[in-house]
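Written below as structure tokens is the structure these notes are about.
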Amino acid sequence: MDTQHFIDLENRYGAQNYKPLDVVLNRGEGIWVWDVEGKKYLDFLSSYSAVNQGHCHPKIMKTMIEQAQKLCLTSRAFRNDQLGVFYEDICNLTNSHMVLPMNSGAEAVETVIKAARKWGYNLKGVPQNQAEIIVCENNFHGRTIAIIGFSSEMQYREGFGPFPPGFKIIPFGEARALEEAITPNTVAFLVEPIQGEAGVIVPPSGYLGEVKSICKQNDVVLILDEIQTGLGRTGKLLAEEHDGIEADVTLIGKALSGGFYPISAILSNTEVLGVFMPGEHGSTFGGNPLACAVARTAIKVIIEEKMIENAKELGDYFLTQLREIKSPYIKEVRGKGLMIGVELVPEAGGARGFCEQLMAQGLLCKDTHENVVRFMPPLVITREEIDWAMEKIEPILTGNTPA
């Protein structure tokens, strides 16, 4: 069956909440994917960082098969032999005191909202139902009702209200704005170290250090959403390390399973997650043995195969190559590690057309916020493969599309 057959099936039976590029993939290995007609592509999105380790990493696959043959799900009504060792591994790796596993990034964010509010009532003494959480403009933390309620993107909000109260929005990257927004009822500041969906917006150097200090002075929980930036993407295990800080709570997901199985985690000091008592929060699939076993191997290969170091070295190389492109279409190239955005001038006509041209040349990437092309290859990419990609990228970004 050809590409159009599968596209027609999606259009006929599926909800139209996505507008993907018209490529139908059916196989992946490392940084490469193949479509149903056998054409090969370099994946420069990595499923929004979920496959940092590359597609179908053999060690993670082996673990998944072995665990699936033994035990997949128990619910949290019973214990399993993978949960505690997963806790130990992830806490030792990230210097966390306590962890709560969930399934998706949005679920992790919803969970931390509950924990931060209860922490505020129980430990800070905020009056009941008055807790405030500060977030940033152009944030992206998920798609649930509570989360879109504090989004500044009207497309995410329109037609879905009413929304839960208790959130305050400030500009991203401005520590003074945080200081001015804090009140006695402020319980937490929730922020991305780098705003991915907003177009790879990198805050000023030292920003996280400043907000950490402000939060500490005002008894406010600092929550970093590292679901996309974490686990090596920016050239550090966690992006917070670039500013030499440790958040009170860190959210991870996506690459936590290498793309094999949904799992996310809230990493916290004991004080914040310690507010949960039995029966107050849960998830049928959260902390299941299959997800935990897969996650343990997924984080192990990131470290053992030096993917973080590769992201730093090749991210610097790739950024340099992109910034040397002379093009009237390019407004700015920005990023950290292998999380890179190329913002185009409005006169370029939007980023999607450039992504479609790159797809035709065998390179898959994603447009975001209309004018930004996002490049986020798996962390196993090599210098030679970046050079191959640049042979495709430079002509298209300069308007000299190959025949």
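Annotations
- Screening segment 294-338 for residues that are over 29 Å from His242 (Cα atoms) and out of contact with any strand residue (DSSP E or B) (no Cβ under 6 Å at 6 or more places or on another chain) and picking the one that is surrounded by the fewest Cβ atoms within 10 Å (Cβ to Cβ) gives Lys326.
- Criterion: modelled with pLDDT of 95 or more, over 17 Å from Asp248 (Cα atoms), assigned by TED's automatic domain parsing to the domain that holds Glu226 and buried (at least 16 other Cβ atoms within 10 Å of the Cβ) - qualifying residue of Gln82, Gln128: Gln82
- Applying the criterion of at least 1 residues that are surrounded by fewer than 17 Cβ atoms within 10 Å (Cβ to Cβ) and in the same structural domain as Gly120 (by TED's automatic domain parsing) to the strands (runs of 3 or more DSSP E) found wholly in segment 131-242 leaves 167-170.
- Scanning segment 356-374 for residues that are of a type outside the set (Gly, Ala, Ser) and either without any contact (Cβ under 8 Å) to a residue 24 or more places away in the chain or touching a helix residue (DSSP H, G or I) at 6+ places or on another chain (Cβ under 7 Å) (or both) yields Gln357, Leu358, Gln361, Leu363, Cys365, Lys366, Asp367, Glu370, Asn371, Val373.
- Condition check for Gly287: part of a loop (DSSP other than H, G, I, E, B), in the same structural domain as Pro204 (by TED's automatic domain parsing), within 18 Å of the chain's Cα centre (by Cα) and not basic (Lys, Arg): no
- Some residue of segment 103-119 being of a type in the set (Asp, Glu) and within 28 Å of Met376 (Cα to Cα): yes
- 2 or more residues among the basic types (Lys, Arg): qualifying helices (runs of 4 or more DSSP H) within segment 1-72: 58-68
- Of all the residues in segment 261-284, those that are crowded, with 22+ Cβ neighbours inside 10 Å and assigned to a loop (DSSP other than H, G, I, E, B) number 2.
- Of all residues in segment 1-19 being among the aliphatic types (A, V, I, L, M) and modelled with pLDDT of 95 or more, the one that is surrounded by the most Cβ atoms within 10 Å (Cβ to Cβ): Ile7
- Going through (1) over 23 Å from Lys312 (Cβ atoms); (2) buried (at least 16 other Cβ atoms within 10 Å of the Cβ); (3) of a type outside the set (A, V, I, L, M, F, W, C) one by one, Gly350 falls short only on (2).
- When segment 291-310 is filtered for residues that are out of contact with any Ser or Thr (no Cβ under 7 Å at 6 or more places or on another chain) and within 18 Å of Ile266 (Cα to Cα), the ones remaining, listed by number, are Cys292, Arg296, Ile299.
The values are calculated or read from the model by the stated rules, or taken from the named source; none is laboratory data. Only a predicted model underlies this, so the values are computations on that prediction, with no experimental measurement involved. Virtual Cβ from ideal backbone geometry, glycine too; neighbours counted across all protein chains shown.
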